[in-house]
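Here the structure comes first, spelled out in structure tokens, and everything after it is commentary.
The values are calculated or read from the model by the stated rules, or taken from the named source; none is laboratory data. Note that the coordinates shown come from a computational prediction; the quantities given were computed from them, not determined experimentally. With ideal geometry, Cβ positions are generated from the backbone for all residues, glycine too; neighbour counts draw on all protein chains shown. For the accessible areas, the whole protein counts, side chains as well, though only heavy atoms, and no ligand, DNA or RNA atoms are used. Shrake-Rupley method; radii C 1.70, N 1.55, O 1.52, S 1.80 Å.
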Amino acid sequence: MAERLTRAQRQELTRTRLLDAAEARFGDRGIHQTSLDEIAAAVGLTKGAIYANFSSKNDLIAAILERKLSADEAPLPIGSVAAWAARLGDSYESNVDRAESRRFAMALVEFWLHAMRNESARELLAQSLQTARESHVQDAATLVGDNLSLPADQLATLLIAVDIGVGLQRLLDPEAVPAEVYTAGVRALLGRERS
């Protein structure tokens with residue numbers, strides 16, 4: 001006999017299903033071409049379920065970005081810049097070709113275009129990127145004794161640029177852009193002599 005879910009568990013499951021459906025549709029069809037009704041219908045619900053969990057389409061986008069950032073957070077291994085580079089490279093190489101990563105990359109491009117045309121969405125995406133940079137800055141701060149090749153805030157910005165840039169190029173031409181290019185870029189940014 002299946003265990004009965006609590007109200008909070010059912011709500012969390014509904015929220016997850018809505019986020020998955022929104023991310024997939026935003027990536028496939030675009031933000032403006034995807035209605036909240038379509039997202040809800042994709043999981044067998046009504047638009048009311050969306051408004052019970054999210055105040056607007058931008059709030060839904062923010063939740064997708066937040067989910068991605070929190071899923072990417074992993075504890076920094078104790079050690080050196082080389083250990084950090086290895087952790088970043090291993091994580092990227094093992095995840096870049098997953099269907100979920102492709103779906104998120106497509107949605108991210110949509111979010112980016114939407115944000116460039118919409119001020120409130122721009123602030124939302126800028127804040128999400130700032131959060132990602134701060135995570136890298138915190139990691140770098142724990143390794144300050146390793147004499148990083150750049151100031152931590154600049155390094156964080158470049159690490160995210162390498163992540164996004166290599167990922168988007170790989171989606172278009174995986175044979176010409178192997179996942180290892182990301183790891184090589186990270187090692188170059190962090191200082192080859194330390195890797």
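A few notes on this one:
- Here is the figure for the range 1-42: residues that are among the hydrophobic types (A, V, I, L, M, F, W, C) and buried (at least 17 other Cβ atoms within 10 Å of the Cβ) total 10.
- Members of the range 1-30 found to be in a helix (DSSP H, G or I), among the acidic types (Asp, Glu) and over 16 Å from the mean Cα position of the chain (by Cα), listed by number: Glu12, Asp28
- Cβ-Cβ contacts under 7 Å between residues 6 or more apart (or on different chains), taken from a first residue in the range 28-42 that is of a type in the set (S, T, N, Q) to a second residue that is at pLDDT 85 or above, are listed as Thr34/Arg25; Thr34/Phe26.
- Leading residue by the ranking (modelled with the highest pLDDT) among those in the range 65-110 that are of a type in the set (Val, Ile, Thr) and crowded, with 20+ Cβ neighbours inside 10 Å: Val96
- Filtering the range 43-64 to residues that are at negative phi, open to solvent by 50 Å² or more (accessible area, probe 1.4 Å) and of a type in the set (Gly, Ala, Ser) leaves Ala52, Ser55.
- Entirely in the range 42-135, the helices (runs of 4 or more DSSP H) that have 2 or more residues that are over 27 Å from Gln154 (Cα atoms) and under 13 Å from the mean Cα position of the chain (by Cα): 99-117
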